[in-house]
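Working notes, beginning with the structure itself.
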Amino acid sequence: MASAKILVVDDDPAIRNLIHRFLSKQDYQMESAEDGKKALELFEQFNPDLVILDVNLPDTTGYQLCQAMQKRTGVFVLMLTSRTDEADKIRGFNLGADDYITKPFSLVELGARVGALLKRQRVVQVAEQPSVDFGSMSIDPVRREVTISARPILLTALEFDLLYFLASHPGRVWRRSELLQEVWDYDYVGDQRVVDVHIGQIRRKIEGDGIYPKLIHTVRGVGYKFEAHSGDSEDAPEEI
């Protein structure tokens, strides 16, 4: 199997070169860019599996670049920044980021997160997984497509993985920590509310109503479950 391709985008040459050298030693194919313009050029030529993306760039923001790249492919995005504000992290996740690491960081931790993201992608590509259908909604893990009444629903890579996992286990209640382990595929060390952010995004895309969800239900004090709306009072309204 060919090694995964990673694009590093950071305007700090020391950090950019450090990450490039470290991951090259892990047998990844690497490319680097110092700004948004160069990053998009390399993105089109290199077609990376994962982008490690700094939030602060001289000609754009990592948020804008994340959106531009994910409109082209289902690439995974690991945001890299010196910001520690929770609102910044939530904004990144809302715009499609799959993970977030704050400077200063450990190269060992960075390598673990990169490996986990790419492992999740490889499993999706190789495993024989059946489609899941609920009413007018169909989730196809081979094509990584979600449709409702034959209308395509655009999800980020992580949103798709989370939705497919929940829909594949209808009625089962999952704690946030369990979803982080099963879907993110490693022991996430950040705020577990990252799960809530992605659940909220999925609800808005597949149901258009995050207050009275019919498919992904909040089990207060525990976590989430996926099942057809039963009309029980515990389902309305819900908060994430």
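Odds and ends about this structure:
- The residues of the range 1-141 expose, per residue, 47 Å² of accessible area to a 1.4 Å probe.
- Couplings 3J(HN,Hα) of the range 160-168, computed from phi: 4, 4, 5, 4, 4, 4, 5, 5, 7 Hz, in residue order, whole Hz [Karplus 6.51 cos²θ - 1.76 cosθ + 1.60, θ = phi - 60°; x for Gly and Pro].
- In order through the range 63-79: 3J(HN,Hα) via Karplus (6.51 cos²θ - 1.76 cosθ + 1.60), integer Hz, x for Gly, Pro: 4, 5, 5, 4, 5, 4, 6, 6, 6, 8, 9, x, 4, 7, 10, 10, 7
- Zone residues, the range 61-78, relative to L154, backbone N less than 11 Å from point 7 Å out along Cα-to-Cβ: 67-73
- Calculated FRET efficiency, L18 to Q64, Cβ-Cβ distance, R0 = 25 Å: about 0.50 to the nearest 0.05.
- Eligible lysines near K225 by straight Cα distance, threshold 22 Å, same-chain separation 8 or greater: K205, K214
- Cα-based equivalent ellipsoid of the range 29-95: semi-axis lengths in Å, sorted from largest, via gyration tensor: 19, 13, 10
The values are calculated or read from the model by the stated rules, or taken from the named source; none is laboratory data. Fair warning: this is a prediction, and the values are worked out from it, not measured in the lab. Glycine gets a Cβ as well: all are built from the backbone with ideal geometry, and neighbour counts include every protein chain shown. For the accessible areas, the whole protein counts, side chains as well, though only heavy atoms, and no ligand, DNA or RNA atoms are used. Shrake-Rupley method; radii C 1.70, N 1.55, O 1.52, S 1.80 Å.
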